[in-house]
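The values are calculated or read from the model by the stated rules, or taken from the named source; none is laboratory data. Just so we're clear, the structure is a prediction, and the values are computed from it rather than from any experiment. Here the Cβ is made from the backbone with ideal geometry for all residues, glycine too, and neighbour counts use every protein chain on show.
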Amino acid sequence: MLRQERLKKIRLARRRKRVRKKIFGASERPRLCVYKSLKQIYAQLVDDGAGRTLTAVSSLTREVKSQTKPEDTKSVVSKKVGLLLAQKAKELGITLVVFDRSGYPYHGRIKSLAEGAREGGLGF
């Protein structure tokens, strides 16, 4: 069992590295970086040229927590995170981003977050 968990982490790190080689966020088109843990999801807009985070939202953010109900699934919460991130990006004048899924497969919570960001007005 321990070997399987180690291999899973190694595969994720390889995918993450492969994806990051190809994408780069600039000030006019920042990188939408996603991280998920077992219970939470985090998303941030990163300007790789300047090396700084422009804005960040997570499922622990006060605005998201106030909109969620206890019976909401993690996918529903992820969609709300995407919508709030898009709203904050619009306030900064950002409409186009580069999506960095961090090596995670594009389904489930990652897909919900991306769809929420698109609904909120971000293009990628």
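Couple of notes before you dig in:
- Only one of 65, 39 that is more than 27 Å from residue 10 (Cβ to Cβ) and either modelled with pLDDT of 95 or more or not in a loop (DSSP other than H, G, I, E, B) (or both): 65
- For the residues 81, 64, 76, 98, the requirement of being crowded, with 22+ Cβ neighbours inside 10 Å and among the β-branched types (Val, Ile, Thr) singles out 81.
- Single residue of 45, 92 found to be within 13 Å of the chain's Cα centre (by Cα) and at negative phi: 45
- Residue list for the range 1-21, restricted to those being under 18 Å from the mean Cα position of the chain (by Cα) and among the charged types (D, E, K, R): 15, 16, 17, 18, 20, 21
- Selection within the range 11-30 - modelled with pLDDT under 95 and either farther than 10 Å from residue 103 by Cα or in a strand (DSSP E or B) (or both): 21, 22, 23, 24, 25, 26, 27, 28, 29
- Criterion (under 19 Å from residue 48 (Cα atoms), at pLDDT 95 or above and either aliphatic (A, V, I, L, M) or part of a strand (DSSP E or B) (or both)) met by exactly one of 85, 113: 85
- Identity of the residue in the range 49-61, part of a loop (DSSP other than H, G, I, E, B) and surrounded by fewer than 17 Cβ atoms within 10 Å (Cβ to Cβ), that ends up nearest to the chain's Cα centre (by Cα): 60
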